[in-house]
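Laboratory data are not the source of any read-out in this text; all were calculated from the coordinates shown. Note that this is a predicted model, so its numbers are computed, not measured.
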Amino acid sequence: MSTAFDAGRLGRTDVLTLQQVTSFMSNDMQVTGPDGQTVATVVTTGGGLGRMLLGSRTFDVVDGEDGRVLFRLADPATFGRDRYAIVDADGLPLANLVREFALFRTSVSVEVVDGTRFAVTGNLWDHDYTMTVGQAPIARATATFGGFMNALAGRSRYELRLDPGMPPVVRCAVLGTAIALDLIRAKDRRRNN
């Protein structure tokens, strides 16, 4: 992976607000910076019939500046542990995310193509978690109030603070992980209903 990987506006923004704009057949999100400017948009891709029958989903994360695909998050249908692949616009791997088996909690590990490995700790269900490399925090998520109507619709809104020194490819992996955690929450909610 080249160190010249271009993460667009995401590469220059250290505080992100993620707002779900989901509908029945999609898990779309708007990602904005502190100034309210769009950093990225998460768009559900592929046909709805395939998602219903096969269970696999794909998401394009599109740069808010020039509209190009920064990376894709693939949620393939799997048996056992949830696995997600984060690939660049050309399909080359950026990171892999695995939901680990853990008693009474959800544990996630991520391996980035540049060798960075990070874990997610905290309360994943209430958007109150930290992503850490060893003991060093690289990102922190905290829930924010997105409005009464969004709350009624079950749409979450949260802030993600990134380490300013984080390389662009790791920034993409961190944002992809935050999106994947929302997908894991939605899957678990459906299983429990």
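If you stretched the chain out fully between Arg161 and Ala143, how much longer would it get, using 0.36 nm times the residue separation minus the C-alpha to C-alpha distance?
5.3 nm
How much length is gained if the chain between Trp125 and Glu111 is pulled fully straight, taking 0.36 nm per residue apart and subtracting their Cα-Cα distance, in nm to one decimal?
Details: separation 14, 0.36 × 14 = 5.04 nm, distance 2.18 nm.
Gain on stretching Trp125 to Glu111: 2.9 nm.
Could you calculate the contour length gain from Arg12 to Gln37, that is, 0.36 nm times the residue separation minus the distance between their Cα atoms, to one decimal place in nm? Could you put the intermediate results ahead of the total?
Working: separation 25, 0.36 × 25 = 9.00 nm, distance 1.23 nm.
Here the answer is 7.8 nm.
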